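What follows is calculated from the coordinates using simple rules that are stated; it is not laboratory data. All figures in this text were calculated on a predicted structure; none of them were measured in a lab. When we count neighbours, we look across all protein chains shown, and the Cβ atoms used for this are built from the backbone with ideal geometry, even at glycine.
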Amino acid sequence: MRASMKGVTLDAASSTATALFLLGQASDPAPEAGVTCPGALPAPNDPGLVARAQRAKAALGDRVVVLGHHYQRDDVIAFADVTGDSFKLARDAAANPRAEYVVFCGVHFMAESADILTGDHQQVVLPDLEAGCSMADLASLAQVERCWQHLEDLGVTGVVPVTYMNSTAAIKGFVGARGGIVCTSSNAERVLRWAFERGQRVLFLPDEHLGRNTAVLGLGMSRADCVVYDPNQPDGLTPAQLLEAKMILWRGHCSVHQRFSASGITEVRRLLPGIRVIAHPECRYEVVAEADEVGSTEAIIRAVEASPSGSAWAIATELNLVSRLAHQHPDKQIVFADRTVCYCSTMNRIDLPHLVLALETLAEGRAVNRITVDRTTAANARLALDRMLMLP
Ligand code: SF4
């Protein structure tokens with residue numbers, strides 16, 4: 001028997017494949033990324049792409065601000081008015097109230113944060129709606145609500161929810177409505193201290209590695225103080241384990257940063273003796289424990305910039321950023337801290353054709369691929385964001 005779904009014909013024998021979509025050929029409303037990109041996309045081999053993007057951006061003038069995340073491709077970053085990590089870019093969006101349009105060259109949750117922090121007169125555009133985030137997709141609102149109810153049913157009290165910036169607006173809203181807070185990879189330690197002044201334990205969403213690394217390396221907890229809640233096995237932890245835990249870590253991760261391994265760092269040190277290793281805190285505990293320094297994307301950039309000529313760095317973060325740093329600092333030796341190359345595939349979906357589509361349609365007065373967050377979610381998410389922004 002054969003079944004047809006959104007243009008994809010499948011054998012009943014391979015029914016497990018029905019959950020899968022061929023990239024770019026269908027849409028899945030469940031993941032954070034949402035829907036396919038409408039509109040007539042320019043051909044990637046169009047030799048006039050750079051000129052078209054320049055023309056459209058010039059026509060828009062001050063009416064547009066283009067934000068570029070550090071993990072974006074070089075040809076897209078070339079058009080960014082501002083570059084930064086997700087939090088810095090959201091603040092930069094808010095700091096440009098004159099811009100009618102914010103073109104966010106990043107991923108979906110970042111554009112949502114920009115929409116929450118910008119004024120009602122501003123429209124936020126994500127050049128490709130399929131640029132989602134595998135980490136954000138690992139915590140849906142329904143799953144988190146189930147987890148919260150589960151904790152309540154078991155009498156696990158004094159829980160303060162904390163969510164990483166890399167989560168959907170819905171999760172930020174859930175956290176904000178329950179007295180919780182957002183954190184970034186730069187301020188996670190300060191945020192956890194704030195949370196532990198208000199409760200006995202933290203539900204940390206959606207990145208188990210950032211939660212564990214901060215609790216153990218920043219707050220001096222033991223790894224045994226942390227338990228991992230798997231939304232696919234809600235009964236996997238006993239009531240006693242949950243009651244004894246200080247950190248209830250959501251089972252989620254970044255598909256890019258989780259690839260780095262302690263053995264990879266050992267290998268790079270063997271090949272390049274004396275090299276300094278710096279790792280992003282989304283990497284596994286074994287990796288950050290092995291590194292010489294741990295830091296957010298912005299901290300990694302600052303460490304490389306501040307180091308003297310002749311320094312050697314092995315960097316455990318996304319490859320577009322590492323290779324850009326290598327080009328910007330030819331007087332330093334900069335290598336990727338893993339054997340295999342890995343870009344953030346969803347970030348990389350924002351390419352020149354999608355940027356041209358976004359800018360040209362805006363220049364025509366149409367905002368395609370607009371990201372909007374509903375008012376209630378935005379108001380609750382804003383509570384969680386503001387609690388973070390008010391931290392000293
Ligand atoms: S690098 Fe990881 S956390 Fe960042 S957007 Fe990509 S998948 Fe998400």
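Counting 0.36 nm for each residue step from residue 333 to residue 244 and taking away their Cα separation leaves a gain of 27.5 nm.
Can you tell me the relative contact order of the chain? Whole percent, Cα pairs under 8 Å, sequence separation 6 or more.
21
Remark on residue 123: its backbone amide H falls under 5 Å from those of 101, 102, a criterion applied only to residues 5 or more positions apart or on other chains, H modelled at 1.01 Å from N.
Exactly which trypsin sites (Lys or Arg not before Pro) in the stretch 318-392 are in a DSSP loop and have at most 12 other Cβ atoms within 10 Å?
Values: sites: 324, 332, 339, 349, 366, 370, 375, 382, 387; in loops: 332, 339, 366.
Within the stretch 318-392, the qualifying trypsin sites (Lys or Arg not before Pro) (loop, at most 12 other Cβ atoms within 10 Å) are 339, 366.
Structure remark: mean-square fluctuation, Gaussian network model of the chain, C-alpha springs under 10 Å; the largest value among 243, 141, 271 belongs to 271.
Quote the relative contact order of the stretch 206-342 in percent (integer), defining contacts as alpha-carbon pairs under 8 Å separated by 6+ residues. Walk me through the numbers on the way to the answer.
Working: 218 pairs, mean separation 30.5, N = 137.
Computed value for the stretch 206-342: 22 percent relative contact order.
Peptides 113-119, 245-251 ranked from most to least packed by the mean count of surrounding Cβ atoms within 10 Å: 113-119, 245-251.
Across the stretch 314-324, computed HN-Hα scalar couplings (Karplus, 6.51 cos²θ - 1.76 cosθ + 1.60, θ = phi - 60°) run 10, 10, 9, 7, 4, 5, 4, 5, 4, 5, 5 Hz from first to last residue, x flagging Gly and Pro. Under 13 Å from a label point set 7 Å out along the Cα-to-Cβ vector of residue 62, the amide N atoms of the stretch 69-99 belong to 96-99. Per-residue 3J(HN,Hα) values for the stretch 354-360, derived from phi via the Karplus relation 6.51 cos²θ - 1.76 cosθ + 1.60 with θ = phi - 60°, read 5, 5, 4, 4, 4, 5, 5 Hz in sequence order (x marks Gly and Pro). With both labels modelled 7 Å from their Cα along Cα-to-Cβ, the residue 152 to residue 193 distance reads 3.2 nm.
Given the chain, what percent of its DSSP beta bridges are antiparallel, to the nearest 5?
Working: 6 of 42 bridges.
That works out to approximately 15 percent antiparallel.
Each residue of the stretch 42-53 was assigned a 3J(HN,Hα) from its phi angle through the Karplus curve 6.51 cos²θ - 1.76 cosθ + 1.60 (θ = phi - 60°); the sequence is x, 5, x, 9, 5, x, x, 4, 5, 5, 5, 5 Hz, with glycine and proline shown as x. Centre-to-centre, using Cα atoms only, the stretch 155-204 and the stretch 338-392 are separated by 22 Å.
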